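A quick write-up on the structure given underneath.
The values are calculated or read from the model by the stated rules, or taken from the named source; none is laboratory data. From a predicted model like this one, the values you see are computed outputs, not experimental measurements. We place every Cβ from the backbone using ideal geometry, glycine too, and count neighbours over all the protein chains shown.
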Amino acid sequence: MKACDRAETGALIQVNAGAGGRKIEIPMPELPDVEGFRQLVEATCRGKTIARAEAPDPGILEGITPVTIARRLKGERIATAARHGKHLFVTLTRGAVITMHFGTNGSPRFLEPGAADPPYTRFALGFTGGEHLAYVNPRRIGRVGLAPSADAYIAAAGLGPDALAPQVGAAFLAQAAGRSKRAIKALLMDQAIIAGIGNIYADEILFQAGIHPETPANALSTGEIGGLLRTLRRVLETAIACGAGSEEGAALLPKGFLLPERHRGRRCPRCGGPIATTKQSARTSYFCPRCQKARLPSD
Ligand SMILES: [Zn+2]
């Protein structure tokens with residue numbers, strides 16, 4: 001694995017300018033960030049018993065009231081934390097799972113006894129030892145709920161396999177791409193096909209694979225699909241290894257990555273040419289027109 005450079009990957013959302021006017025960049029949580037969240041929850045909360053569950057912002061709850069979730073969680077113990085795409089599942093020893101989706105800028109924070117919940121805490125678990133886990137979400141786009149199991153939630157939500165699951169192999173991707181004239185970027189971001197990739201990592205994967213984001217999925221050759229899959233895994237695994245989703249709020253990626261260059265006027269880390277943008281389904285794509293050549297749709 002290539003060493004991680006100290007290049008911040010903060011996305012374009014800027015919130016909470018603060019008294020000094022300093023803008024804080026917060027990444028949009030995708031699979032690598034949520035894997036970082038999973039590791040945090042696993043390391044800090046495993047085996048702990050829930051003394052209280054509070055939802056200061058009931059609007060964040062999905063299909064359950066603050067009173068019911070508090071009653072259901074009191075006395076439960078945390079067994080483990082699992083990830084599926086952009087979802088985090090906090091599994092309880094008696095089987096049910098707390099489901100968390102972080103929207104555009106949510107994250108979990110673990111706090112020692114006596115520490116106050118951070119600003120924008122929408123949901124919190126207090127443990128019997130006094131520590132607590134806060135679900136922080138400034139923009140309030142995200143969801144917390146309770147499900148009988150992760151599998152039940154995934155099925156009900158209609159999510160495809162996690163992007164790093166063994167099931168997402170060359171045959172799987174070739175089949176999904178081969179029957180779609182949609183842009184490859186839209187296909188990569190379709191959570192019903194593959195769960196976990198959003199706007200930022202779709203751009204990164206396509207940049208690293210040298211594929212224009214608007215390329216029709218069915219125009220890709222078998223060889224290109226194989227290369228795209230290898231790149232997808234490498235990009236996501238590198239971002240995880242570099243600490244995506246960490247408390248600093250920025251991953252530390254190798255120099256050849258496009259992600260830190262997501263600002264107008266930046267240069268391509270590969271050829272030095274200007275980075276271009278295009279709008280797809282109201283999301284801005286960043287790409288290098290020299291390294292990622294456009295091509296015509298195939299019939
Ligand atoms: Zn380039």
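Would a scan of the stretch 128-140 turn up a residue that is among the aliphatic types (A, V, I, L, M), in contact (Cβ under 8 Å) with a residue 40 or more places away in the chain and more than 21 Å from Ala157 (Cβ to Cβ)?
Of all residues in the stretch 128-140, those among the aliphatic types (A, V, I, L, M) come to 133-134, 136.
Checking which are in contact (Cβ under 8 Å) with a residue 40 or more places away in the chain leaves us with 133.
If we keep only those that are more than 21 Å from Ala157 (Cβ to Cβ) as well, we get 133.
The answer is yes; a qualifying residue exists.
Cβ-Cβ distance below 9 Å, separation of 6 or more or different chains: which pairs start in the stretch 266-277 with a residue that is within 6 Å of the ligand (Cβ to nearest atom) and end on one that is charged (D, E, K, R) and modelled with pLDDT under 95? Going by the 9 Å Cβ cut-off, the qualifying pairs are Cys268/Glu261; Gly273/Arg267.
Listed here are the residues, each with its yes/no results for (1) part of a helix (DSSP H, G or I); (2) surrounded by 20 or more Cβ atoms within 10 Å (Cβ to Cβ); (3) touching a Ser or Thr at 6+ places or on another chain (Cβ under 7 Å).
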{"residue": "Gly47", "(1), (2), (3)": "no, no, no"}
{"residue": "Ala53", "(1), (2), (3)": "no, yes, no"}
{"residue": "Pro56", "(1), (2), (3)": "no, no, yes"}
{"residue": "Arg83", "(1), (2), (3)": "no, yes, no"}
{"residue": "Leu88", "(1), (2), (3)": "no, yes, no"}
{"residue": "Thr104", "(1), (2), (3)": "no, no, no"}
{"residue": "Pro108", "(1), (2), (3)": "no, yes, no"}
{"residue": "Arg122", "(1), (2), (3)": "no, yes, no"}
{"residue": "Gly126", "(1), (2), (3)": "no, yes, no"}
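Taking the numbered list (1) under 24 Å from Leu164 (Cβ atoms); (2) modelled with pLDDT under 95 in turn, Ser298 passes all entries but (1).
Answer yes or no as to whether Gln167 is in contact (Cβ under 8 Å) with a residue 60 or more places away in the chain, closer than 24 Å to Val97 by Cα and surrounded by fewer than 22 Cβ atoms within 10 Å (Cβ to Cβ). Against the criterion (in contact (Cβ under 8 Å) with a residue 60 or more places away in the chain, closer than 24 Å to Val97 by Cα and surrounded by fewer than 22 Cβ atoms within 10 Å (Cβ to Cβ)), Gln167 does not qualify.
If the requirement is being assigned to a strand (DSSP E or B), among the small types (Gly, Ala, Ser) and surrounded by 14 or more Cβ atoms within 10 Å (Cβ to Cβ), which of these qualifies: Ala134, Ala202? Explain how you work it out, then say what you get.
Values: Ala202 fails: assigned to a strand (DSSP E or B).
Ala134 is the lone residue from the list that is assigned to a strand (DSSP E or B), among the small types (Gly, Ala, Ser) and surrounded by 14 or more Cβ atoms within 10 Å (Cβ to Cβ).
Please work out if Gln175 is free of Cβ contacts under 8 Å to residues at least 12 places away in the same chain, more than 28 Å from Leu253 (Cα to Cα) and not acidic (Asp, Glu).
Details: free of Cβ contacts under 8 Å to residues at least 12 places away in the same chain: yes; more than 28 Å from Leu253 (Cα to Cα): yes; not acidic (Asp, Glu): yes.
Yes.
Taking every residue in the stretch 283-295 that is of a type in the set (Gly, Ala, Ser) and more than 9 Å from the ligand (Cβ to nearest atom) and pairing it with any residue that is in a strand (DSSP E or B) and modelled with pLDDT under 95, at least 6 positions away or on another chain, the pairs with Cβ-Cβ distances below 7 Å are Ser285/Thr277; Ser285/Thr278.
Just so you know, in the stretch 161-216 the residues that are under 22 Å from the mean Cα position of the chain (by Cα) and of a type in the set (S, T, N, Q) include one that is nearest to Ala150 (Cα to Cα), and it is Gln191.
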